[in-house]
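Reviewing the structure listed below.
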Amino acid sequence: MSFLQRFCARKTILPMLVVCLICSSMSGCATTPYVYQPALIQSPEPLLTEGESQIARGKRRPVIDGIGWVVGIPGKVLLWDRRIDNHHVSPETEAAIAAYLEKNGLDQVKVRINEYDPVGEWKRLRRNKAVGWGWRYTAGTLTALSYTLLPGRIIGGDNYNPFTNTISLYSDHPAVALHEGGHAKDFGTRKYKGTYAVAGALPIVSLWPEAIATNDALGYLRAEENYELEEEAYEVLYPAYATYIAGAATPFLPFGDLTVKAGAVIPGHLAGRWKAREVKQEQLARHARSELQQVSATQTEPASDQTDENPQQIQHAHFEQMARPDEQEMQTDQSVKRLNFNQAGE
């Protein structure tokens with residue numbers, strides 16, 4: 001088989017693999033009972049200093065953010081959403097991740113919204129005793145160096161760093177923020193966080209924590225009954241998961257082989273929009289049942305009014321019946337008088 005034939009075969013098989021992996025990994029993601037505030041294993045030393053805000057925003061930098069927006073064009077095209085890596089996170093997205101962290105008890109997680117703070121990250125790496133020192137000063141050091149030398153403020157890429165317990169957001173999409181929150185929640189429940197982080201960075205194995213984070217975000221939105229955002233989440237998280245599959249299948253190709261990602265993301269979009277359509281239909285059915293109940297309630301109100309009037313009608317009928325014996329007696333007296341009169345005349 002020639003290289004071209006092998007390449008075409010891979011292009012044909014990969015979309016089928018994407019659909020199978022998405023269906024198997026995401027089955028029942030928003031139907032199982034959602035668990036708030038699981039048992040967390042956190043650092044004994046507080047990661048947030050006294051008075052430090054859990055959510056920090058970077059200062060406005062129009063030129064830098066403009067460059068970051070341009071660099072993020074491939075992500076916008078792949079996920080078909082211009083909010084990806086737009087470096088302008090709205091208060092609504094910030095409120096979404098803040099509520100998620102509060103409801104899940106993740107009070108040690110730091111959220112950096114379009115912020116570049118390498119000094120702060122190195123400090124958090126040193127203080128995060130929830131990760132063993134061996135992993136912190138090897139793999140953790142590499143993540144801190146990557147954050148320092150390749151600032152996300154320019155190259156983008158929303159992510160969660162388990163070694164510093166930090167979420168970095170550059171996209172104005174609540175579902176993306178909740179996905180990263182799902183990573184923080186997942187790592188918060190792990191005893192051997194460093195081992196789990198390193199193992200989860202390996203090809204193929206990385207799909208497991210990504211599926212957990214995606215499922216948690218979708219389950220959270222269903223539990224919160226935020227169906228509109230749940231629709232949007234399916235439309236962006238499913239194709240995003242397809243890019244993870246493509247990246248796992250081509251780990252050593254430059255840029256994760258954008259052409260493979262472009263081919264893999266198509267079935268991800270189709271699956272995501274199919275699930276979003278299901279959520280929409282469920283929402284329409286829910287509204288129809290609610291309206292039907294309201295109509296039924298309004299139709300039963302006249303009947304209740306009639307039942308209220310019945311005692312009055314019964315009482316009135318009773319008075320009429322009470323009055324009828326007197327009338328009958330009067331008629332009887334008149335008949336007797338006539339009879340006596342006739343007899344006297346005869």
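The values are calculated or read from the model by the stated rules, or taken from the named source; none is laboratory data. Only a predicted model underlies this, so the values are computations on that prediction, with no experimental measurement involved. Reconstructed Cβ throughout: ideal geometry from the backbone, glycine too, with neighbour counts over all protein chains shown. Only protein heavy atoms, including side chains, enter the accessible area calculation; ligands, DNA and RNA are left aside. Shrake-Rupley method; radii C 1.70, N 1.55, O 1.52, S 1.80 Å.
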> So residue 111 clears everything in (1) of a type outside the set (Lys, Arg); (2) free of Cβ contacts under 8 Å to residues at least 12 places away in the same chain; (3) in contact with a strand residue (DSSP E or B) (Cβ under 9 Å, 6 or more places away or on another chain) except one condition, right? Which one?
Replying inline: (2)
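Taking the condition touching a residue at least 60 places away in the same chain (Cβ under 8 Å) and touching a Cys at 6+ places or on another chain (Cβ under 8 Å), does residue 214 pass?
Considered against the rule, which asks whether it is touching a residue at least 60 places away in the same chain (Cβ under 8 Å) and touching a Cys at 6+ places or on another chain (Cβ under 8 Å), residue 214 comes out as yes.
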>> Please count how many residues of segment 84-108 are on the phi < 0 side of the Ramachandran plot and either out of contact with any strand residue (DSSP E or B) (no Cβ under 8 Å at 6 or more places or on another chain) or small (Gly, Ala, Ser) (or both).
In response: 17
>> Show the residue pairs meeting these rules: Cβ distance below 6 Å; 6+ apart or different chains; first residue within segment 44-57 and farther than 27 Å from residue 88 by Cα; second residue open to solvent by 50 Å² or more (accessible area, probe 1.4 Å).
In response: 44/129; 45/129
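Among 44, 38, which is the only one that is open to solvent by 60 Å² or more (accessible area, probe 1.4 Å) and under 26 Å from residue 128 (Cα atoms)?
44
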>> Quick check on my filter: what residues within segment 99-136 are open to solvent by 20 Å² or more (accessible area, probe 1.4 Å) and over 18 Å from residue 187 (Cα atoms)?
In response: 99, 115, 116, 117, 118, 119, 122, 123
> Looking at (1) under 28 Å from residue 218 (Cα atoms); (2) surrounded by 10 or more Cβ atoms within 10 Å (Cβ to Cβ); (3) modelled with pLDDT under 90; (4) not charged (D, E, K, R), can you tell me which one residue 33 breaks?
Replying inline: (2)
> Filter segment 161-196 for residues that are of a type in the set (Ser, Thr, Tyr) and open to solvent by less than 30 Å² (accessible area, probe 1.4 Å); which is nearest to residue 82 (Cα to Cα)?
Replying inline: 171
> Does segment 77-84 contain at least one residue that is open to solvent by less than 20 Å² (accessible area, probe 1.4 Å) and within 18 Å of residue 158 (Cβ to Cβ)?
Replying inline: yes
>> Quick check on segment 62-76: of everything there that is open to solvent by less than 60 Å² (accessible area, probe 1.4 Å) and more than 24 Å from the chain's Cα centre (by Cα), which residue is nearest to residue 236 (Cα to Cα)?
In response: 68
